[in-house]
Amino acid sequence: MIGHVVADRYRIDRVVAMGGMGAVFAGEHIHLHKEVAIKLLHPETKGLPELVARFERESIVGAHATHRNVASATDFGKDKDGSYYLINELVPGINLRTLMKRGEIPVARAIDIARQIAEGLHAVHELDIVHRDLNPRNVMVSEEPPDRVKLIDFGFAKVPVERFGTNSSREAQQRGGPLSLTAEGVIFGTVGFMAPEASFGMPAVDKPADLYALGVILYEMLTGKHPYDAKEQKALFRCHALEPPPPFAERAPDRDIPEAIEAVTMRLLAKDPDERYATAAEVLDALDEALRAPATSGSMRHEADDDSPWTQHAPRPSKSRVWLLAAFVLVTAGAAAMLVPSVRERLLGEPAAPASSPPPATTSLPTPSATADTPATATATASAAPDEPQRPPRPTTVGGLDANAWAVKLQQAVGSKSTDAAAAAIQALADIDPDRLGSEALVANVALAVVDITLTPKADTVFERLGSPDAGAAGPDVFYRLVAFHGGSKAARRAQDLLDKPEVMARASKAMRIAYLLHTTPCQQRADLLERAGEEGDRRALLLLSNMTPRDCSSCCLHAPGLGPAIRKIDERTKQAAR
């Protein structure tokens, strides 16, 4: 791509970053002689309308949130080869995570960076935009003081698109009502910076959640450590939901951090959104006031609960706090019926029980054992496999470990990029409990592992195992995930070859088959599949149907009268299943 000119005006000069779905380049507007950042989605992603829509919403934020602490966008469109492109300002420097890894950040510098993040949040919040994935990797900082901070990557942002144009309003009317880009029950973000209210679903994630993430970032800059040591995603989110952040004296006993600054940080980290600051502007005022406060000797000491600064200064418990804490008590007791099963299982470690089953009496917290930067997305549950001939009983353990232990090992292997460990975990789960591989809690990690394994000698063994009759419907579920979310990769090509085999597709669930048909059928022909999708589809089909909004299509299924009813039918069915 070096030297290629995008849209006849943006020349690509060098690679900045590469990913499975696209790449970021530094380049130049050849007519204006201005440096720009060029983001490209691979041509294969044209079958992923949700990804394109997120790409577009990032361009909307960058175009309208004109502020020195928000990366601006100047253009968005489709190149001749079908690649979608986004043109941003070229932000010099490094991301905040890289800066943190270089060593201790002085208190004054940490506060200055936090102030600039708050300034950027204030600018986007004024436009009713919520970042929803604020973390150190999405904050760019100049390498040397004076720091210049920019918020980047608004692909997951909550954006009131109707405020910036009329296209979205028309499309919503054609679909039979407004729809979010992400289907109900899907949770996304970075676990280490995810506010407690995320357990109630993305509708509960609003501006206060961005302030919570700012609190985690500030805590880590000041102490050099994340508030919690948990390494596994569920345990880490449970800490955010239930555990008070440790005092600075406990996490960083050798650092001299003013008490007033710690008090601001702890208020940002309040479990109840109503007890955080109301706006980013209030955070700025609080930081300024804390800097003016008389210096204290050393970090705070917490000899008794009554002496803790956030106990002294926090507002009285509100009705919202009582509601939130009560909800989390229900979560830990296994009775949080208001949580969709995918969220409960993925983030809080509690599998969804059948509707007729009573909730367990109690569920103890797991011992904290995922990195704070680990992204989490809870996705759709696969339907059951078709009936198959009776098979001998499966083993309950492999190598002395049961399915739960192997699932943990698989997640750890994905995090550490250990392909040997991941391959062993996939094969063990295929022996013990193959349905687990295609479950909402694990399928994303299985697919990520297979993408890496495909480049190793173990690839043939793993693909054969997933494609075998013993794997049941889980194999096709994993293959669909590869095709839908890792298109263009070697793993996705192998997965598609297997899905094209009748004997493999015969083991797939009805929900997976219709999702695959929707994914692989040209837009103009999808209208013929809408009635079937409404009857058989699950969240995978809902995700595809909800985001069929191509800008250059006047005769596709977007305008078919069956689209709205199909979406509503699947949506209602998934809601009933969640209840």
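The values are calculated or read from the model by the stated rules, or taken from the named source; none is laboratory data. Given the structure is predicted, the values throughout are model-derived calculations rather than measurements. Quick reminder, even Gly has a Cβ in these numbers, built from the backbone with ideal geometry, and neighbours come from all protein chains shown. Areas reflect the complete protein model, heavy atoms only, side chains present, ligands, DNA and RNA absent. Shrake-Rupley method; radii C 1.70, N 1.55, O 1.52, S 1.80 Å.
So here's what we get for this one:
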{"read-out": "In the stretch 447-459, residue nearest to the chain's Cα centre (by Cα) [restricted to those that are open to solvent by 10 Å² or more (accessible area, probe 1.4 Å) and over 16 Å from PRO476 (Cα atoms)]", "value": "ASP452"}
{"read-out": "Residue selected from the stretch 74-88 under the condition of a type in the set (D, E, K, R) and open to solvent by 50 Å² or more (accessible area, probe 1.4 Å), by the criterion modelled with the lowest pLDDT", "value": "ASP81"}
{"read-out": "Selection within the stretch 235-281 - farther than 17 Å from LEU218 by Cβ, part of a helix (DSSP H, G or I), open to solvent by 20 Å² or more (accessible area, probe 1.4 Å) and charged (D, E, K, R)", "value": "ASP274"}
{"read-out": "Failed criterion for THR296 (all others in (1) at pLDDT 95 or above; (2) polar (S, T, N, Q); (3) more than 19 Å from ALA195 (Cα to Cα) hold)", "value": "(1)"}
{"read-out": "Pairs, first closer than 11 Å to LEU530 by Cα and modelled with pLDDT under 85 in the stretch 558-570, second outside any helix (DSSP H, G or I) and not aliphatic (A, V, I, L, M), C-beta under 7 Å, six or more apart", "value": "LEU558/THR549; LEU558/PRO550; GLY564/GLY176"}
{"read-out": "THR549 being buried (at least 20 other Cβ atoms within 10 Å of the Cβ), modelled with pLDDT under 85 and assigned to a loop (DSSP other than H, G, I, E, B)", "value": "yes"}
{"read-out": "Flag if ILE113 is open to solvent by less than 30 Å² (accessible area, probe 1.4 Å), at pLDDT 95 or above and over 25 Å from GLU243 (Cβ atoms)", "value": "yes"}
{"read-out": "Boolean, ALA405 is in contact with a strand residue (DSSP E or B) (Cβ under 7 Å, 6 or more places away or on another chain) and either assigned to a helix (DSSP H, G or I) or open to solvent by 10 Å² or more (accessible area, probe 1.4 Å) (or both)", "value": "no"}
{"read-out": "Where a residue in the stretch 488-499 is at positive phi and its partner, wherever it lies, is assigned to a helix (DSSP H, G or I), with Cβ under 6 Å and at least six apart", "value": "GLY488/GLU44"}
{"read-out": "Inter-residue pairs, beta-carbon under 7 Å, first at negative phi and in the stretch 470-482, second surrounded by fewer than 24 Cβ atoms within 10 Å (Cβ to Cβ) and of a type in the set (Asp, Glu), 6+ apart", "value": "ALA474/ASP435"}
{"read-out": "Yes/no for GLN411 being under 30 Å from PRO49 (Cβ atoms) and in a helix (DSSP H, G or I)", "value": "yes"}
{"read-out": "Residue in the stretch 420-435 that is more than 19 Å from ARG507 (Cβ to Cβ) and surrounded by fewer than 18 Cβ atoms within 10 Å (Cβ to Cβ) present", "value": "yes"}
